[in-house]
1. In region 150-185, which residues have a backbone nitrogen under 14 Å from the label point lying 7 Å from HIS34's Cα in the Cα-to-Cβ direction?
2. Tell me the volume per residue, in Å³, of the convex hull enclosing the alpha carbons of the chain.
3. What is the ratio of the Cα radius of gyration of region 1-72 to 2.2 N^0.38 Å, with N the residue count, to two decimals?
4. Tell me, how many Å apart are the Cα centres for region 11-68 and for region 85-105?
5. Below 13 angstrom from the Cβ of VAL24, what's the summed charge of the other residues (Lys, Arg +1; Asp, Glu -1)?
6. Output the antiparallel fraction of DSSP beta bridges having both residues in the chain, as a percent to the nearest 5.
7. Leaving out ligands, DNA and RNA, and with a 1.4 Å probe, what % of the accessible surface on region 197-255 is carbon or sulfur?
8. Counting pairs of alpha carbon atoms under 8 Å apart in space and at least six apart in sequence, what relative contact order in percent does the chain give?
Amino acid sequence: MKILHQKTDMVAVTKAWQGSGETVCLVPTMGNIHRGHLALIERARKTAERVVVSIYVNPTQFGTDEDFDSYPRTIDTDCDVIAAEGGCDVIYAPTGLYDAAHATNIIPSGVALPMEGEARPHFFVGVATVVSKLFNHIPADFAIFGEKDFQQLAVIRQMVRDLDINISILAHPTIREADGLALSSRNQYLTPAQRRLAPKIYAQMQNTCALIKNGTDINTAICLAKDQLQKTGFGRIDYFDLREPDDFQLCDKPTAASRVFVALWLGSTRLIDNCAIG
Ligand code: PAF
């Protein structure tokens, strides 16, 4: 496994592979590799002949009061974990993606506006801008994103379509702990007591889906879930909604594809999750 840091090297390696007829799949990450990322990497290995994992903690997607400084940076362990679990061809850990003169950002609209767009207005600007830079550094055939960040996946798809970027975006289902908690690097911020509470998010999402499927009014089911979560010790709920998966509009007539989307606080940790009614 090679580790590259420079754009020129990464572009050259990608083009050389493609020049000899090999396809390339990118797995963009911010490091702190866990089983969720490993599932994306495994899928990438099945998708293309060559796999690049990018590791970059992107400052522009963090707000000033968010966890950029404390976000776990574990590049050495990440390389070991990836190597032990089947590996990839290149780990790309770019240095200096933004210089002092950086003055151009992608400001996504459309699917970026509700939910995370309202709660964290800087977030998708940072994500879209860095992902478009990564797509220039690694002009891959495919890139894989997890459905845990379902709205992020939709924002990337929208950007690729709107800006005619020549890459196929693949989605991979959310990987969960045995108790239902969606894997996330931020889970490690939880205290043992909070960690015991955290699976209630998925349990409430599932309960909401079951109630709605059985005919309970959407607002009633959602109010019940929010109430239960707050009674058990969760903090502010940024959103707990049933929405359409393509345009993220609030849902009034649920279908199997409608999704519950949740973002809430447990102590000082913000967790997000989503699932389809099914
Ligand atoms: O999902 C993530 O880890 C990040 O938002 C991404 C896509 C790597 C961009 O920094």
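1. Counting only backbone N, you get 174-185.
2. 134 Å³
3. Expressed relative to 2.2 N^0.38 Å, the Cα Rg reads 1.30.
4. What the calculation gives is 10 Å, centre to centre.
5. Spelling it out: positives minus negatives among the neighbours equals -1.
6. Of all bridge pairs located within the chain, approximately 45 percent are antiparallel.
7. 46 percent
8. 17 percent
The values are calculated or read from the model by the stated rules, or taken from the named source; none is laboratory data. Keep in mind the model is a prediction, meaning the values are calculated, not measured. Counting neighbours? That spans all protein chains shown, and the Cβs are built from the backbone with ideal geometry, glycine included. Just the protein is used for accessible areas: all its heavy atoms, side chains included, with ligands, DNA and RNA removed. Shrake-Rupley method; radii C 1.70, N 1.55, O 1.52, S 1.80 Å.
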